[in-house]
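Worksheet: one structure, shown below.
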């Protein structure tokens with residue numbers, strides 16, 4: 001039995017409601033049929049009473065005059081042909097004399113005249129016992145003997161005050177049955193019709209209610225391991241408890257996702273900060289002896305007596321040291337340089353500077369820079385950020401691809417400069433997104449992997465935010481830089 | 001015969017006296033004058049249950065035919081028992097009537113034999129003792145002792161007088177022979193009473209039973225004839241003594257001529273009769289004999 005209760009709501013709701021509908025129809029039908037049966041019996045008794053009164057009045061003179069034939073014609077008159085077998089159709093009419101002998105009956109074969117009523121079978125025995133009781137019950141006397149397929153109704157036949165005998169009507173209950181079975185079939189037909197209408201509605205409605213529940217249960221089952229998706233908004237657009245629950249679930253899921261994103265961001269930032277610190281430390285440790293080494297090489301070179309072979313090695317050492325210095329300089333991003341504000345010429349310069357690359361790769365470039373004459377942002381750093389991002393985008397974009405730049409104040413707030421660069425190259429996977437801004441994490445061959453690292457360092461040092469994501473089939477980089485004291489709230493565009 | 005003297009209705013008492021005085025001619029003159037007064041008035045014909053009662057359509061056609069033939073309006077008057085028709089005759093509310101032979105003898109003083117129908121070519125019929133078809137136990141009247149018996153009418157010969165006479169002939173008393181008897185007031189209903197099982201046996205007019213076998217074979221087939229009586233004169237058409245001689249003759253002529261024209265023959269055919277003859281009261285001597293046996297005159 002437990003499996004029944006373990007069923008999914010998808011099945012349980014329609015099953016239960018179907019069962020309830022069926023059960024209700026059954027109970028109501030049974031009640032109605034019982035009622036119909038009682039009504040039928042009452043109708044029979046009322047009709048019998050009327051008929052018995054009429055017949056008793058009509059038959060009284062024939063009893064007085066002992067006119068058997070007229071009495072026979074009278075008792076036979078309510079009997080019809082076989083066709084009219086309705087429950088209110090009388091089966092037999094019997095006139096009993098004062099002596100409880102049959103004076104006349106409509107069935108002379110089975111109820112012959114002059115026979116004692118008590119000898120005509122158990123039914124008649126009971127009937128004559130009741131009729132001969134000293135204080136007769138209220139009239140009409142209705143008798144339904146046990147184990148009998150007949151119902152009897154008796155009335156006294158009187159002339160003035162004298163009782164001449166009894167009028168007895170017999171009704172066949174076997175006629176009730178087919179009539180009653182007809183009623184049952186009718187009720188059953190109507191019940192089935194109602195079921196046929198209600199069951200599909202019920203299945204639809206049950207499914208409608210169960211589907212979001214099932215969906216919800218599945219999503220919540222995923223919960224500790226992963227943050228599930230919110231429910232589709234049109235799944236259950238109503239405001240009852242179910243709707244309220246779905247809305248609460250959606251709020252919870254959004255909160256969880258925000259939290260997860262925040263945690264993710266924090267982990268990333270902390271890692272990058274740690275790497276930055278480490279890198280800066282190493283760079284300083286390298287820079288200090290490096291400066292001495294470079295000075296020593298320069299000093300050695302000034303000596304005249306160096307043989308060409310040594311000089312050649314010295315040049316080699318010098319180039320190697322210079323390369324180390326350049327690399328370390330690249331790692332050690334210095335933002336405390338002169339702070340000339342950004343102006344329109346800077347943007348024009350950037351546009352000009354990237355043109356050769358754009359032309360070479362036949363890139364279509366969308367340039368949308370809503371720029372006032374001047375912005376309080378450090379021009380050289382912004383230039384470096386933009387050139388890095390744009391050149392990266394041009395390299396990443398497909399051949400004959402598309403790169404766009406949007407630059408402007410974020411949300412027209414005025415406190416934040418926003419730069420958005422998109423390209424239609426290969427999308428970034430999860431792994432790449434996680435380590436994008438780390439040094440030497442190049443996504444393509446040929447890059448040294450420091451471009452985005454440097455960009456990240458500049459943005460972070462300017463207290464801005466940088467983020468990358470895949471959107472609308474494109475890779476998007478968004479940089480928000482604060483203009484003034486207030487910081488930008490979030491990196492997303 | 002004095003009975004042939006035409007007499008008006010109102011002068012019946014005087015008529016008696018006149019008959020006794022033998023002043024036939026004078027009476028005849030008076031009667032003729034009365035008759036001429038009555039020329040346009042309605043002729044009333046009593047139909048007893050001797051005839052197949054239910055054939056209203058046939059009776060209507062016959063009365064139309066009779067009215068056309070006599071050029072007088074004709075009214076057929078039906079009553080449920082012989083007694084009522086006899087009373088109507090006695091009260092002079094009928095000029096003519098088709099009655100059973102037994103009432104005819106009862107009314108001998110008031111009516112005159114007008115014509116006797118021919119049934120199967122002869123003016124005779126008899127009484128049948130019938131039981132239900134499935135009752136094979138009964139083969140004679142003796143087997144019906146102590147049973148329930150249906151008589152047609154206390155003034156019916158074949159439905160009452162004849163079977164009682166038969167019981168007496170087998171040496172029993174008809175008053176106590178059956179356990180119970182009752183009247184159905186018509187021959188046809190005797191057949192019904194026996195067919196339905198209400199009565200174990202019944203006495204019925206042979207003409208009615210034989211005709212019923214044609215008209216309603218299903219009903220007649222449910223009964224069986226176990227005894228046939230001697231032949232008696234067929235129920236006659238009679239006229240009241242007060243009917244004028246010319247009216248009497250006109251009516252007699254009309255009945256006798258029925259078999260001589262198509263319309264009449266068609267009606268006779270429907271009644272399963274062959275025609276009418278003048279007949280003689282002697283036809284009914286057998287009935288008179290039985291009546292005497294029961295102390296009736």
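Only the coordinates and a few stated rules stand behind these numbers; no lab work does. The shown structure was predicted, so the numbers you read here are calculated from the model rather than taken from an experiment. Cβ placement follows ideal geometry from the backbone for every residue including glycine, while neighbour counts extend to all protein chains displayed.
The C-alpha atoms of chain A define a longest principal axis, and helix A:173-221 lies at about 10 degrees to it. With R₀ fixed at 35 Å, the C-beta to C-beta distance from residue B:225 to residue B:266 puts the FRET efficiency at about 0.75.
Normalised by the number of residues in the stretch A:337-482, the average gap of Cα pairs under 8 Å and 6 or more apart makes the relative contact order 21 percent. Each of residue A:20 and residue A:174 was given a label point 7 Å from its Cα along the Cα-to-Cβ line. The distance between the two points is 4.6 nm.
In chain A, Cα pairs under 8 Å separated by at least six residues give a relative contact order of 9 percent. Relative to one another, the C-alpha centroids of the stretch A:111-168 and the stretch A:284-312 are positioned 146 Å apart.
Annotation: the residues A:416, B:100, sorted from fewest to most other C-beta atoms within 10 Å of their own C-beta, follow the order A:416, B:100.
Label-to-label distance, residue B:78 versus residue A:80, with points set 7 angstrom from Cα along the beta-carbon direction: 2.5 nm. The modelled label-to-label distance between residue A:34 and residue A:399, using points 7 Å beyond Cα along the C-beta direction, is 9.0 nm. Taking every alpha-carbon pair under 8 Å whose residues sit at least 6 apart, the stretch B:127-230 reaches a relative contact order of 44 percent. For the stretch A:20-46, the residues whose amide N sits under 17 Å from a probe point set 7 Å from the Cα of residue A:199 along the beta carbon direction are A:20-27. Inter-part distance, the stretch B:159-226 to the stretch B:76-147, computed on C-alpha centroids, equals 12 Å. The stretch A:17-74 and the stretch B:232-297 have Cα centres lying 54 Å from one another. Counted by neighbouring Cβ atoms within 10 Å, the residues A:204, B:125, B:65 run from fewest to most as A:204, B:65, B:125. In terms of other Cβ atoms within 10 Å, B:267, A:311 run from fewest to most in the order A:311, B:267. By the helix-only formula, in which each DSSP H run with n ≥ 4 contributes -39500 (n - 2.57) and the sum is divided by residues, the protein assembly as shown has a 222 nm mean residue ellipticity of -16500 deg cm²/dmol.
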